[in-house]
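**Student:** Just passing along the structure, written as C-alpha cells.
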Amino acid sequence: MDWGWVQDHLDEIQSLFFQHAQFTLLALVYGFAIAFPLALAATRWPRLYTPILGLTGILFTIPSIALFMLMMPFTGPTATTCLIALTIYTLLVLVRNTVEGLKGVPREVREAAEAMGYRRFKQLFRVELPIALPVIIAGIRIAVVTTIGLVTITALIGFGGLGALFIDGFRQAFGTPIIVGFALSVLFAVAADLALVGAQRLLTPWARGGGSR
Amino acid sequence: MRGTVTRKAAAALTALALLAAGCAAEEDAAPSGGSGDSGPIVVGAVEFTENIVLQEMYALVVEDAGGEAELKQPLASREVLFPAVEEGDVNLVPEYTGALTTFVTGEEAEASSDGEELVAELREALEPEGIKVLEPAPAQDQDALVVTPETAEEYDLETVSDLAPVADELTAGGPPEEKERFVGLPGLKEVYGIEFADFRALDAGGPLTSNALESGQIDVARFFSTQGIIDQKGWVVLEEDKPLIPTENIIPVITEDVSTPEIESALNDMSAELTTAEITALNKKVDVDKEDPQDVAKAWLEEKGLIGN
Amino acid sequence: MTFLSELLAWFTDPLNWQGSSGIPIRTWEHVQYSVAATLIAALIALPIALYLGHTGRGGLLAINIANIGRAIPSLGLIIMAFILLGLNITPVMIALVALAIPPIVTNTYIGIRNVNREVRDAAGGMGMTGWQVLTQVEIPVAMPLIMAGLRTSAVQVVATATLAAYLSFGGLGRFLFDGLALQDYEQLTGGALLIAALSLITEFLLARVQTVVVPKGLAKRNATAAVDAKMSGKAGVASSGA
C-alpha cells in the first residue's frame with residue numbers, strides 16, 4: 001500500500017469521488033421521481049401493484065453490466081447510459097418500500113384524517129407520508145447503497161467514479177489504487193447509510209421506539 | 001408536529017432536487033465547439049499505458065499552450081474511442097499512422113507505405129470530417145509478437161515466419177481486436193500462413209497478457225514494441241520478416257473546432273522530440289517502476305523544455 | 001429497425017452456435033461458474049448461519065452482513081483477487097463466492113431466528129435434542145427464507161459471473177467484452193440479452209423449486225418475509241455489479 005501515491009493523487013481521488021456522488025445522487029432523485037408516482041398509483045389502484053412490481057423486479061434482475069451494455073447501441077458509452085441504468089435499478093426498492101410504507105398507515109388514522117376534513121392531498125402529505133417515512137427511508141437506504149456499488153461498474157464504459165481507480169490499478173498491476181477505490185466506495189456506502197438513518201431519526205422522532213419494519 | 005416533518009422532508013427533497021438539477025446541468029454542458037479555445041479540449045486515450053502517457057502529455061502541452069484540457073477516462077479500444085472523436089465528444093487523441101489509416105479508410109494500410117504516404121492518406125480521409133492530423137513523431141510503436149526465451153528455443157523461433165510450421169501447436173493471446181484486425185490473426189494467416197491452435201482474448205498488452213505469457217497459459221503474445229515489460233521479463237520479440245505491420249508513427253489527431261495554431265505547433269514540437277527510445281523509456285517508468293503516468297509525462301516535458309516553468 | 005434485424009442475424013447465425021466461443025459453450029461455462037460458486041457459498045454459509053441462528057449468537061453480524069455485501073464493489077474485488085492470485089479461475093471463484101455468501105447468511109439467520117419461541121419451546125418440551133429441533137423444526141419453518149436467500153445468491157452469482165470474462169475467462173460475459181472492444185454491437189447486445197435471460201431463468205427456476213420445497217402453509221405466512229429477503233440480498237446482486 002503506497003501512501004505516497006495517495007498523497008500525490010488526492011485531487012484525482014476527490015474528483016472521482018464527486019463523479020461517484022453525482023451519479024448516485026442523480027440516480028436516486030430521478031428514481032424517486034419515477035417511483036413515487038408509481039407507488040401512489042399502486043396504492044390508489046391496488047391492481048397495478050403486481051404488474052408494477054413485476055416489471056421493476058424483472059428489470060432489477062437483469063445484471064447491471066448487461067443493462068449498461070444493452071443500452072450502448074442506443075445511447076453510447078455516455079453518462080446518460082449510466083444514469084438511465086442506475087435509475088432503473090433504484091425503482092424496485094423505492095416503489096416497493098413506498099407502497100409498503102403507505103399501506104402500513106393504520107386505517108383508523110386515515111379515517112380520522114378524513115373525518116377531520118383533510119382532503120386527499122393534505123392527507124397524503126400531512127398524515128400518511130410521515131407515518132410511512134421509516135419504511136420509505138429504509139428503501140432509500142437500500143437504493144443508495146446499491147447504487148454506490150453499481151456506479152463502480154460504469155468504469156467498464158469509461159466512468160466508474162471511484163471504480164476508475166480499479167482500472168488504473170489493474171493496468172499497472174498495482175494494488176494501491178484498487179485498495180483506495182475499494183475502501184472509499186465501501187466507506188461512502190456506509191456513511192450514506194448512516195446519514196440516512198440519522199435523517200430518519202431526525203424526521204420521525206416519534207418512531208424511535210417502534211423502529212421500522 | 002406532523003406538519004413540521006413534512007415541511008422538513010419537503011425542504012430536504014427540494015434542496016436535493018436543486019442540487020441534482022445543478023449536477024445535471026453541469027453534466028449536460030457539452031464542450032461548445034467554436035473557433036479556438038472556447039470550451040475544454042477533451043483528450044482521450046485507449047486503455048493501455050503508452051496511450052495514457054501520451055494523453056497526459058498532450059493535455060499538459062495543451063494547457064501550456066493556453067488551452068484548457070480535460071482528460072477522458074480511457075476506453076477499451078480504437079473501435080470505441082475514434083467514433084467519439086468523429087462525433088466531436090472527444091477532441092484530441094494520440095494515434096498511430098498505420099492502424100488509424102486502416103481503421104479510417106477501411107482498407108488495410110500497406111505495410112510498404114512509408115510514413116509520409118500514410119499521413120497523406122489520413123489527412124485526405126479525415127480533413128473533410130473536420131479532423132486535423134498533425135505531424136507524426138519519429139517514435140513508432142508497432143505490434144509485436146512475443147514469446148518466452150524457452151519457447152523460442154524449443155521451437156527455434158527468431159522471426160515471425162518461424163511460427164508458421166509450428167503455430168498449430170501454439171496458443172496465442174492478445175486483445176480481442178486481434179481476431180478481427182488485419183494486423184492480427186487474419187493478416188498472420190494471409191501473409192505468413194500462420195494459424196494458431198487457439199487464441200485467447202486478453203487485453204492490449206496489459207497485465208492479463210503478461211500474466212498469461214508468464215504462466216505459460218499462452219505461448220505467443222501480442223504486445224507493442226515500446227512496452228517496457230518485454231525487456232524486463234527478458235522476452236523475445238519475433239522479427240517481422242514479411243510485410244504485415246505498417247509504419248506506426250505516433251501522431252496527434254485533433255478536431256478542428258478546438259484547435260489553435262499555438263496548440264498545434266506546441267503538439268508538433270512535442271512530437272518532434274519523441275523518439276521510439278524515449279517513449280519506450282517512459283512506458284517502462286509507468287509499467288515497471290509503477291510511476292504515475294502524469295508525473296512521468298510532466299517530468300519528460302519539463303526536461304525537454306517543452307512546457308514552460 | 002436494421003439494428004434489430006442485425007441482432008436477429010447474430011442470433012440465427014449458425015457460426016455463433018458452434019465452436020469453443022459459440023453460444024452453447026459460453027452459456028455452459030457461465031452456468032458452471034455460477035453453480036460452482038453458489039454451491040461453495042452455500043456449503044460455507046449455511047452451516048455458519050444455521051449455527052448462529054440456532055444459538056442466537058452473532059446476530060449483529062449476521063443481520064448486517066447482507067448490507068455489507070451490498071456495498072462491496074464486485075469489479076474491485078475481482079481485480080484485487082487477480083492481482084493477488086494471478087491469472088487463473090481461482091480469483092474469479094473467490095470473488096463470486098465472497099459475494100454470494102452474505103445473502104445466504106442473513107436470510108438463513110433471520111429465517112431461523114423467526115421461528116416462534118413457542119414452537120421452539122414446545123419442541124424442547126417434547127424432548128427433542130438441539131440437533132433435532134434444528135433439523136425437524138427450525139429448518140423446515142425457516143425454509144422460505146433460506147430458499148429466498150439461496151435464490152438471491154444464485155441470481156447474484158449468475159450476474160457477477162459475467163466479470164469472469166473481464167479477466168479473459170469464458171462465460172457469457174465474453175460476448176460483452178469482446179463486443180465492446182470490437183464495437184460489435186450485435187455481439188454486445190446479444191450477450192447482454194443472453195445474460196439477462198439466464199438471470200431471469202435462474203430466478204424463476206429457483207422460485208419454482210422454492211414452491212415445491214416449502215410447505216404450503218408456511219409459504220403464505222412467509223410471503224412478505226421472502227420478499228424482504230429478496231430485497232435485502234438483491235441489493236447485493238445489484239451492487240455486485242451483476
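**Student:** Check A:PRO51 against each of (1) facing another protein chain (nearest Cβ under 8 Å); (2) open to solvent by 20 Å² or more (accessible area, probe 1.4 Å) and name the one condition it does not meet.
**Tutor:** Unmet for A:PRO51, out of (1) facing another protein chain (nearest Cβ under 8 Å); (2) open to solvent by 20 Å² or more (accessible area, probe 1.4 Å): (1).
**Student:** Report, by residue number, each residue of region B:109-137 that is open to solvent by 70 Å² or more (accessible area, probe 1.4 Å) and not charged (D, E, K, R).
**Tutor:** B:SER112, B:PRO128
**Student:** To continue, here is another question. Looking only at region B:183-240, which residues are farther than 18 Å from A:PHE170 by Cα, of a type in the set (Asp, Glu) and over 22 Å from the mean Cα position of the chain (by Cα)?
**Tutor:** Of everything in region B:183-240, those that are farther than 18 Å from A:PHE170 by Cα, of a type in the set (Asp, Glu) and over 22 Å from the mean Cα position of the chain (by Cα) turn out to be B:GLU190, B:GLU195, B:ASP198, B:ASP219, B:GLU239.
**Student:** Could you count how many residues in region B:278-308 are part of a helix (DSSP H, G or I), among the β-branched types (Val, Ile, Thr) and within 14 Å of chain A (Cβ to nearest Cβ)?
**Tutor:** Of the residues in region B:278-308, the ones part of a helix (DSSP H, G or I) are B:278-287, B:293-303.
When the remaining residues are screened for being among the β-branched types (Val, Ile, Thr), the result is B:279-280, B:286, B:296.
Still in the running and within 14 Å of chain A (Cβ to nearest Cβ): B:286, B:296.
Adding up the residues that qualify gives 2.
**Student:** So which of A:THR147, A:THR80 is open to solvent by 40 Å² or more (accessible area, probe 1.4 Å) and of a type in the set (S, T, N, Q)? Steps first, please.
**Tutor:** Numbers: A:THR147 fails: open to solvent by 40 Å² or more (accessible area, probe 1.4 Å).
After applying the criteria, what remains is A:THR80.
**Student:** For region A:75-88, which positions are in contact (Cβ under 8 Å) with a residue 40 or more places away in the chain and either more than 14 Å from chain C (Cβ to nearest Cβ) or acidic (Asp, Glu) (or both)?
**Tutor:** If the condition is that a residue be in contact (Cβ under 8 Å) with a residue 40 or more places away in the chain and either more than 14 Å from chain C (Cβ to nearest Cβ) or acidic (Asp, Glu) (or both), then A:ALA79, A:LEU83 are the ones that fit.
**Student:** If you check A:LEU16 against the conditions, is it more than 10 Å from chain C (Cβ to nearest Cβ), part of a helix (DSSP H, G or I) and under 30 Å from B:LYS290 (Cβ atoms)?
**Tutor:** Working: more than 10 Å from chain C (Cβ to nearest Cβ): yes; part of a helix (DSSP H, G or I): yes; under 30 Å from B:LYS290 (Cβ atoms): yes.
Considered against the rule, which asks whether it is more than 10 Å from chain C (Cβ to nearest Cβ), part of a helix (DSSP H, G or I) and under 30 Å from B:LYS290 (Cβ atoms), A:LEU16 comes out as yes.
**Student:** Got a number for residues in region B:91-107 being assigned to a strand (DSSP E or B) and open to solvent by 20 Å² or more (accessible area, probe 1.4 Å)? Write out each step before concluding.
**Tutor:** Quick first cut of region B:91-107, residues assigned to a strand (DSSP E or B) only: B:92-96.
Next, only the ones that are open to solvent by 20 Å² or more (accessible area, probe 1.4 Å) stay: none.
Final tally of qualifying residues: 0.
**Student:** Ok, one more. Can you give me the ranges of the helices (runs of 4 or more DSSP H) entirely in region C:1-75 with at least 1 residues that are modelled with pLDDT of 85 or more, within 27 Å of A:ILE148 (Cβ to Cβ) and open to solvent by less than 40 Å² (accessible area, probe 1.4 Å)? Before the answer, list the steps.
**Tutor:** On the way: elements: C:2-12, C:23-55, C:59-71.
Counting at least 1 such residues, we get C:23-55, C:59-71.
**Student:** Show me the helices (runs of 4 or more DSSP H) found entirely inside region A:103-182 where at least 3 residues are facing another protein chain (nearest Cβ under 8 Å) and modelled with pLDDT under 85.
**Tutor:** Working: elements: A:107-115, A:129-153, A:164-172.
Fully inside region A:103-182 and qualifying: nothing.
**Student:** Separate question: Hey, could you check region A:54-74 for residues that are farther than 11 Å from A:ILE88 by Cβ and over 17 Å from the mean Cα position of the chain (by Cα) and say which is farthest from the other protein chains (Cβ to nearest Cβ)? Step through it out loud before you land on a result.
**Tutor:** Of all residues in region A:54-74, those farther than 11 Å from A:ILE88 by Cβ come to A:54, A:57, A:61, A:63, A:65-66, A:69, A:72-74.
Now restrict to residues that are over 17 Å from the mean Cα position of the chain (by Cα): A:54, A:65-66, A:69, A:72-74.
Working: A:GLY54: 12, A:ILE65: 5, A:ALA66: 4, A:MET69: 4, A:MET72: 6, A:PRO73: 4, A:PHE74: 9 Å.
Applying the filter and picking the extreme gives A:GLY54.
**Student:** Determine which member of the set C:LEU87, C:LEU99 is crowded, with 21+ Cβ neighbours inside 10 Å and part of a helix (DSSP H, G or I). Spell out how you get there, then give the answer.
**Tutor:** Numbers: C:LEU87 fails: part of a helix (DSSP H, G or I).
Selected residue: C:LEU99, the only one of C:LEU87, C:LEU99 that is crowded, with 21+ Cβ neighbours inside 10 Å and part of a helix (DSSP H, G or I).
**Student:** With (1) out of contact with any Phe, Trp or Tyr (no Cβ under 8 Å at 6 or more places or on another chain); (2) open to solvent by 30 Å² or more (accessible area, probe 1.4 Å); (3) within 25 Å of B:LEU282 (Cα to Cα) as the list, and B:PRO149 as the residue in question, which single condition is left unmet?
**Tutor:** (1)
**Student:** To continue, here is another question. Is there any pair with a first residue in region C:108-134 that is closer than 16 Å to C:LEU50 by Cα and a second that is modelled with pLDDT of 80 or more and open to solvent by 70 Å² or more (accessible area, probe 1.4 Å) whose Cβ atoms are under 8 Å apart and which are 6 or more apart or on different chains, and what are they?
**Tutor:** C:TYR109/C:ILE63; C:ILE110/C:ILE63
**Student:** Which residue pairs have Cβ atoms closer than 9 Å, lie 6 or more positions apart in sequence or on different chains, and pair a first residue in region B:288-309 that is within 21 Å of B:THR276 (Cβ to Cβ) with a second residue that is of a type in the set (Phe, Trp, Tyr) and modelled with pLDDT of 90 or more?
**Tutor:** B:ALA297/B:TYR58; B:LEU306/B:TRP300
This table checks each residue for (1) under 30 Å from C:GLN32 (Cβ atoms); (2) aromatic (Phe, Trp, Tyr).
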| site | (1), (2) |
| --- | --- |
| C:THR106 | yes, no |
| C:ARG113 | no, no |
| C:TRP131 | no, yes |
| C:ALA154 | yes, no |
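**Student:** Taking the conditions exactly as written (within 14 Å of chain C (Cβ to nearest Cβ), open to solvent by 20 Å² or more (accessible area, probe 1.4 Å) and assigned to a helix (DSSP H, G or I)), does B:GLU63 satisfy them or not? First the steps, then the outcome.
**Tutor:** Working: within 14 Å of chain C (Cβ to nearest Cβ): no; open to solvent by 20 Å² or more (accessible area, probe 1.4 Å): yes; assigned to a helix (DSSP H, G or I): yes.
No: the conditions fail for B:GLU63.
**Student:** Consider A:GLY158 against the criteria (1) under 21 Å from the mean Cα position of the chain (by Cα); (2) in contact (Cβ under 8 Å) with a residue 60 or more places away in the chain: it satisfies all of them except one. Which criterion is unmet?
**Tutor:** (1)
**Student:** On to the next question. Any idea which of (1) under 21 Å from A:ARG44 (Cα atoms); (2) over 22 Å from the mean Cα position of the chain (by Cα); (3) not charged (D, E, K, R) is the one A:GLY175 doesn't satisfy?
**Tutor:** Every condition holds for A:GLY175 apart from (1).
**Student:** Quick one: which residue in B:SER225, B:SER271, B:SER259, B:SER210 is among the hydroxyl-bearing types (Ser, Thr, Tyr) and within 26 Å of C:LEU84 (Cβ to Cβ)? It would help to see each step written out before you state the result.
**Tutor:** Numbers: B:SER225 fails: within 26 Å of C:LEU84 (Cβ to Cβ); B:SER271 fails: within 26 Å of C:LEU84 (Cβ to Cβ); B:SER259 fails: within 26 Å of C:LEU84 (Cβ to Cβ).
None of the other options fit; the residue is B:SER210.
**Student:** Please work out if B:VAL5 is in a helix (DSSP H, G or I), within 14 Å of chain C (Cβ to nearest Cβ), at pLDDT below 85 and buried (at least 16 other Cβ atoms within 10 Å of the Cβ).
**Tutor:** no
**Student:** Next question. Looking at B:GLU116, B:GLU121, which is the one that is free of Cβ contacts under 8 Å to residues at least 24 places away in the same chain, touching a Ser or Thr at 6+ places or on another chain (Cβ under 6 Å) and in a helix (DSSP H, G or I)?
**Tutor:** On the way: B:GLU116 fails: touching a Ser or Thr at 6+ places or on another chain (Cβ under 6 Å).
Answer to the check: B:GLU121.
**Student:** Looking at region C:160-195 only, could you name the residues that are at positive phi, within 11 Å of chain B (Cβ to nearest Cβ) and of a type in the set (Gly, Ala, Ser)? Step through it out loud before you land on a result.
**Tutor:** Within region C:160-195, the subset at positive phi is C:168, C:171, C:183.
When the remaining residues are screened for being within 11 Å of chain B (Cβ to nearest Cβ), the result is C:168, C:183.
The one that is at positive phi, within 11 Å of chain B (Cβ to nearest Cβ) and of a type in the set (Gly, Ala, Ser): C:SER168.
**Student:** Now, a different point. Among what's in region A:89-101 and is of a type outside the set (Gly, Ala, Ser) and within 14 Å of chain B (Cβ to nearest Cβ), pick the residue that is farthest from A:LEU25 (Cα to Cα).
**Tutor:** Quick first cut of region A:89-101, residues of a type outside the set (Gly, Ala, Ser) only: A:89-100.
In the following step, the residues that additionally are within 14 Å of chain B (Cβ to nearest Cβ) were identified as A:90, A:94, A:98.
On the way: A:THR90: 11, A:LEU94: 14, A:THR98: 18 Å.
Among those that are of a type outside the set (Gly, Ala, Ser) and within 14 Å of chain B (Cβ to nearest Cβ), it is A:THR98.
The values are calculated or read from the model by the stated rules, or taken from the named source; none is laboratory data. Because the structure is a prediction, the values reported are computed rather than measured. Glycine gets a Cβ as well: all are built from the backbone with ideal geometry, and neighbour counts include every protein chain shown. Accessible surface areas use protein heavy atoms only, side chains included; no ligands, DNA or RNA. Shrake-Rupley method; radii C 1.70, N 1.55, O 1.52, S 1.80 Å.
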